[in-house]
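Below is one structure, written out as C-alpha cells; the observations come after it.
Please treat every number below as a calculation from the coordinates, not as lab data. Predicted model only: the values in this text are computed from it and were never measured. Positions of Cβ are backbone-derived with ideal geometry, glycine not excepted, and every protein chain shown enters the neighbour counts.
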Amino acid sequence: MDLLSYILKRVLQIIPVFIIATILIFFLMRLIPGDPALVMLGEKATPESLALLRSKMGLDQSYFTQFYLFFKNLICFDLGTSIKYKEPVLLLLGDKLMTTVWLIISSLFFSLLFSIIPGYYSGIHKDKPVDYIFRLLSLLSLATPAFWIGLVLLTLFSVQVNWFPVSGWGNTFEEHILGLILPGITQGIGVAAVLIRNLRNNVIDVKDSDYVNYARSKGLSNFQIGIHHILRNALIPTTTLLSMRIATMLSGSIVVETVFGLPGIGALLVNGIYARDYPVVQGVVLLFVLLVMVINLATDIIYSFLDPRVKLS
Amino acid sequence: MNTAKDTILKVDNLKLQFSSNGQTLNALNGISFSIRRGETFGFVGESGCGKSTTSRAILRLLADNAKITDGTIYYNETDLLKLSEKDLRKIRGKEIGMIFQDPMTALNPVLTIRKQIFEQLRDTKLSSKEKEIVAIEIMNKVGIPLPEKRLNEYIFQYSGGMRQRAMIAITLAGNPKLLIADEPTTALDVTIQDQIIKLLNHVKEDFGVSILLITHDLGVVGRMCDRVAVMYAGYIVEMADTYTLFSAPRHPYTKGLMDALPKLPQEQTRNEEMKPIPGALPSLSDLPQGCPFVSRCQLHQTLCQDQLPTMQEISPGHFARCHYFHKLEGCTGLINCTKG
C-alpha cells in the first residue's frame, strides 16, 4: 500500500513536468529553420501549391493556435499524422518502440557483463597488474566513440566472418537476437567503462569495512563474502549510475540504430528531423521524456529494495 | 603453561610487523599468553598498543600489509598459523567467534539479521524452519524481545543496546568455544554498557565459552576478567589474575594506568589525585633498545635504556616486565574492585 501510494504520487508529479516538456519541444521545433511543405514537394514546387499544403497542414496558423490544436490532440493520445510516412505518429512509435527497448535491454546486458567482474576484481586487487589492465581498458573504451566501435565490430564480425547481419534485425525472434548482439556490445562497452570505474571505487570502500571483516571472522568463503557482503553493497551506488546511463542509452540509440540499420525510434527521430516531420519529432522526443521519467521512478523503487535504509517518501 | 587439557588458546612469542610507506612497524614483539577453558582473559592498554592486532592475528584477519614473522598460536592442539586459509575458515566462526566494537558498522547494513544468523548455520543440515527456531532461541537467550519480528529487521532498525545483542546473537549462532570480544562496550553509553557486561558474563556460563576481552577500560576488566594482560607498545608488560593486578600492580605502566583513573570527589584523599602518564607511546618503527616504557617511567635507570627486561614471575601466576618491579612492592592499585 505504501509502495502504491508512492507510485501514484510520483506519477502525478510526472504530469506537470511532461506539460513543460511539451511546450519546450513544440516551440523549439519551430525554431529549426526549414519548411516541411518545401521538403515534401521539393525545390521545384510552385508558391501556390506550397501555400495550399501549408494551410492543409495547419502551418499557416499562428504558433499558439497550432500549439493549442497539438495539445488538445495530445490529451486524446493523438500525436498527429507523420508528414513523411502519412501514418499516425502513435502507430509509428508503437511500431518502433519495441526495437529500441530490446536494444536497451541488450546494451544493459552487455554493459553489466563487461563491468561487474572487471570492476570487482579491479577493486579487490587495487594497484595490482589486473587493476591497471582493467583501468586502461575502461579508459580506452571511454575515449572511443560508439559509432567507431560499431563500425569496427560490423567490419570484423558481419563483413569478414559473417556471424551477424550487417544491417537490420530480420523478421524472426532468432534473427532479432542475432541482430541485437553487436549493437548491444557497441553501447555496452561505453557504459561498462563508466560502471567499472564506479564499481571499482565502491568495492575499495567496502572491502576493508568492518562488516566484511566480521563476515570473514564468521568463516564465510571468499565467494560468499564477495557476493553477499562486498558486491551487494558496492552495487547500490552503481545502480543509480546505471539508471542515469539508461537515459543516455536512449540518445545513444540514435547513433547505434543508424549504424546498424535498426528500425527503432532513434532512427525514426533522425529521419523525422531530416524531413522536418514535426509530428514525428515531437512524438519521439515526448516519448523519450516519458521513458526517462518512468526509468527514474523505477530506479527509486529498485533502490529502496536494494538499500533498506532508504525510505520511499 | 603447556597445551594441557584446560588450555583453549596458547599464544607463544607472537611477532607481527606492518609495513607502510617503506617503514616497518613492530606491532607485536613476542606476545605469549594462554587462555584457560571457561575463563575470561582481558587485554588492556592504550590505543595502538597491539591488543586489537593480537586478537585479529589469532584468526588471521589482518590487513594486507601485516606479516606475522614469528611465533605459534595453538587452539587446542592445532597451530592456527600453520593452517591453510581454507582450514582456518573452519575455525573462524565455529570454534572462535568475534564481537566487534560497533555493531552498526560490523553488521551488513543491507542484510536482515535473519540472513546474518543463517550464514552461521550454513553448514548445518537444518531446514530453514529449523534454522529459524535456532535463531529465535539464541535471540531469546541474549535478551532481544519479539525475536520472531526482529529477525526480519535490519541492524539500523535496532536501538543501541539491541544492536550489540544482535551481533552477540549472530556470533553465538556459530556455536564458538572461544569468543574474542574487541571493545564490545566502547561504543555504548554507560547504562547499556552495564547490560552488555552482564550479558557477556551470563553468556559465558550459558554457552560455556571462554572469552578474550580487548578493552581499554579497567572498570570493564574488573567486572569481567579472571586474568588480565597489560599491553604496551607491542609487549605484554604485566600479567596476573585480576585481583592481584588490581591490588598489587608491579609494573610502573599498570600503576600509572590506575593512577590515571578519575575518582569521585568523595573517594579522593589528599594524596590521591588523578595523575596522567606523561609523554606518549614510542614510535613502533623505532622502538628503544631497552624497555619500551623507559621515556615515560619514573623509576627508570641506565639499565632500562640498555636492556629490555624479561617477563619475570613475581609470585605464582603474576608476571611483570620490569627491572625494578620490587620498587613497587607495597604499592596498591584499585583495591576495592568488585567482581562480576
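Just tell me, in residue order, which DSSP H segments of chain B are both 15 angstrom or longer along the helix axis (alpha-carbon based) and at least -1.0 in mean Kyte-Doolittle hydropathy.
Numbers: long enough: B:128-141 (20 Å, -0.36); B:160-173 (20 Å, 0.57); B:190-207 (25 Å, -0.02).
Flagged H segments are B:128-141, B:160-173, B:190-207.
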Neighbour net charge for A:Ile83 - beta-carbon separation under 10 angstrom, K R +1, D E -1: +2
List the aspartates and glutamates whose Cα lies under 18 Å from the Cα of A:Lys126, skipping any in the same chain that are fewer than 8 positions away. A:Asp205, A:Asp208, B:Asp64
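What number results when the radius of gyration of the stretch B:202-243, computed over Cα atoms, is divided by 2.2 N^0.38 Å?
Working: Rg = 11.5 Å, N = 42, 2.2 N^0.38 = 9.1 Å.
For the stretch B:202-243, the normalised Cα radius of gyration is 1.26.
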Please go through the residue pairs B:Lys275/B:Lys327; A:Lys44/A:Lys96; B:Lys51/B:Lys125 and name each one whose alpha carbons sit more than 25 Å apart in this structure. A:Lys44/A:Lys96; B:Lys51/B:Lys125
What is the diffusion coefficient of the stretch A:99-306 in µm²/s, taking the Kirkwood radius over Cα pairs and the Stokes-Einstein relation at 25 °C with a viscosity of 0.890 mPa s? 132
Three principal axis extents, largest first, for the C-alpha atoms of the stretch B:167-240, in Å? 35, 28, 18
How large is the helix-only mean residue ellipticity at 222 nm for chain B, computed as the sum of -39500 (n - 2.57) over DSSP H runs with n ≥ 4, divided by its residue count, in deg cm²/dmol to the nearest 500? -8500 deg cm²/dmol
What is the percent of Cα-Cα separations in the stretch B:51-182 that go past 24 Å? 33
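Ranking A:Met40, B:Met274 by Cβ neighbours within 10 Å, fewest first, what do you get? Could you put the intermediate results ahead of the total?
Working: A:Met40 16, B:Met274 10.
Going from sparsest to densest Cβ surroundings: B:Met274, A:Met40.
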Placing unit charges on C-beta atoms (Lys and Arg positive, Asp and Glu negative, everything else neutral), compute the dipole magnitude of the protein assembly as shown about its Cα centre in debye, rounded to 20. 400
Short version: ³J(HN,Hα) in whole Hz for each residue of the stretch A:93-103, in order, from phi by Karplus 6.51 cos²θ - 1.76 cosθ + 1.60 (θ = phi - 60°), x for Gly and Pro, what are they? 4, x, 5, 8, 4, 4, 4, 5, 4, 5, 4
Anyone know which of A:Lys96, A:Lys44, A:Lys84 comes out most mobile in the 10 Å Cα GNM of chain A? A:Lys44
P(r) histogram, all alpha-carbon pairs of the stretch B:126-204 included - 10 Å bins from 0, percent: 17, 52, 27, 3
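What does the charge count near A:Ile124 come to, summing +1 for each Lys or Arg and -1 for each Asp or Glu among other residues with Cβ under 14 Å from its Cβ?
Values: positive: A:Lys126, A:Lys128, A:Arg135, A:Arg200, A:Lys207, A:Arg216; negative: A:Asp127, A:Asp131, A:Asp205, A:Asp208, B:Asp64.
Here the count lands on +1.
Can you give the direction-averaged projected area of the convex hull of the alpha-carbon atoms in the stretch B:3-46, in nm²? Write down the numbers at each step before the final one.
Working: hull surface 16.1 nm².
Computing the convex hull of the Cα atoms and averaging its projections yields 4.0 nm².
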When Cβ neighbours within 10 Å are restricted to other protein chains, what is their mean count per residue of peptide B:116-122? 3
Estimated inter-spin distance, A:Gln160 and A:Leu69, nm [label 7 Å along Cα→Cβ]: 5.5
Distance (nanometres) between label positions extended 7 Å along Cα→Cβ at A:Ala247 and B:Ile68: 5.2
Let's test this: bin the Cα-Cα distances of chain B at 20 Å from zero up to the farthest pair and state each bin's percent. 29, 56, 14, 0
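What does the structure give for B:185-194 when I average, per residue, the other chain Cβ atoms found within 10 Å of the residue Cβ? Provide the component values of the computation, followed by the final result.
On the way: counts 0, 0, 0, 0, 0, 0, 0, 0, 0, 0.
If you average over the peptide's residues, the count of other-chain Cβ atoms is 0.
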What is the pair-distance distribution P(r) of the protein assembly as shown, computed from all Cα-Cα distances in 20 Å bins starting at 0, with each bin given as a whole percent? 15, 35, 25, 16, 8, 1, 0
Using the alpha carbon gyration tensor of the stretch A:18-75, what are the three equivalent-ellipsoid semi-axes (square root of 5 times each eigenvalue), largest first, in whole Å? 25, 13, 8
Can you give the average number of partner chain beta-carbon atoms within 10 Å of each beta-carbon in peptide A:202-214, as a whole number? 4
